[in-house]
1. Can you return the lysines within cross-link range of LYS176? Criterion is Cα-Cα under 20 Å, with same-chain partners fewer than 8 residues away left out.
2. Tell me the label-point distance for the pair ARG128, ARG7, using the 7 Å Cα-to-Cβ offset, in nm and rounded to one decimal.
3. Please work out how much length the chain gains when fully extended from LYS333 to PHE198, using 0.36 nm per residue of separation minus the C-alpha to C-alpha distance, in nm with one decimal.
4. Provide the descending list of Cα extents for the chain along its principal axes, expressed in whole angstroms.
5. Which percent, to the nearest 5, of DSSP beta bridges fully inside the chain are antiparallel?
6. Please name which of GLY278, ALA26, LEU167 has its Cα lying farthest along the dipole of the chain towards the positive end, using unit charges on Cβ (Lys, Arg +1; Asp, Glu -1) and the Cα centre as origin.
7. Size of the dipole of the chain about the Cα centre, Lys and Arg at +1 and Asp and Glu at -1 on the beta carbon, nothing else charged, in debye to 20?
8. Show me, for region 107-118, the HN-Hα J-couplings you get by feeding each phi into the Karplus relation (A = 6.51, B = -1.76, C = 1.60, θ = phi - 60°), rounded to Hz, glycine and proline as x.
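FYI, it's all coordinate maths here, none of it is from the lab. Predicted model, so just to flag it, every value in this text is computed and none were measured. Because the Cβ atoms are built from the backbone with ideal geometry, glycine has one as well, and the counts that use them run over all protein chains shown.
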Amino acid sequence: MYTNHLRFPALSFCQKNGRRLFAFAAPGNQLSGFLTVSRIARNEAYQTTGYQRPEILTHIEEIKAYLRSEKAMLPNALVVAFEQSVTFEPISPGNFFGELVIPIQPNVPEHRKPGWVVDGQQRMAALREAVDESFQVCIIAFIVEEPNEPQEQFVLVNATRPLPKSLIYELLPELKSPLPSFLQRRQLPASLMQRLNFEEDSPFYLRIKMPTNPEGVIKDNSILRMLENSLSDGALYYSSRDGNTDPLEVVKTFWHAVAEVFPEAWALPPQRSRLTHGAGIVSMGFIMDAITDRYIRQHMPTRDQFVENLEPLRDICRWTSGYWDFGQGNQRKWNEIQNTSKDIKLLANFLMIYYRSRVWNRPAETLEHNH
């Protein structure tokens, strides 16, 4: 049946109940020759078959781009299940070292290949095209004893608790090696967030909840979202481009102004104030960008100018009590605003429309308080 065999130096070891595992390395671009991916589906009797989700093309492209970088490294192993035609040949009886022998057949259909990927299908897809034979990939394998073992191991591997995103965000600023682009995009915001949290002149000083600051009350993800929005096309985009302004100083200046205009709401935790809540943080970030846009042709706005532009919002903000009046009979109790995309959009649009109608069209130099 099989016309050829692949032989890989391997280490064999036992776990509980004598179950044997194998550790070996293989060229990344050879994996598809003996491994397949069992896609989840249902048969004609509506029974589940397979277990893997469809390939995520964007994720695969991210991995491919990283693997092509000069310092690429892939230390985490693929987990693979082999059919019983795969054998281990020790170099001597009872030795843990030997060769894993994998029978293969050219042009065999996918479902007839001797191995199934349990964990690492996106990595394997990227490895097919991104690397040459010199790039070796770690593999941990077992030989199937029961038909459903690959599915069972897939569930167990993927049901473990993932690494907390907060921990990833806190580690990102310290990483120097090339990163996938989705992590690169968060590296600068994460660095700015850490400085906001730990620099004593920051209005957020020790108020952002992070693994190293568990007493913080403002969610790190809310701060990151506010910073990312602004870096995309707002105040921080302008300041990061001109090279003369520290983006962090813009953020500090604006939020010090917010604390001055709304002192009571700023002093309270998110449970008691929607200003320090995710919806308020993200929505007010858009106001920061709008105010900056009024002054950017001359200079970055000062704290006094931020305060002057924020003052008109006092009349409509219900950060800690009362009802938000969004118009057309849509009233929401102050604490009914949630940290959801829908509510953030509602609040941000409400604040932005009011700001533009009451402030935006006036000359920036002659803005007067209207109280």
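1. Straight-distance partners of LYS176: LYS64, LYS71, LYS165.
2. 2.9
3. Full-extension gain reported as 45.2 nm.
4. On the principal axes, the chain reaches 89, 50, 38 Å in Cα extent.
5. 75
6. GLY278
7. The dipole of the chain has a size of about 580 debye.
8. Calculated HN-Hα couplings, in order: 6, 6, x, 3, 6, 9, 5, x, x, 10, 7, 8 Hz.
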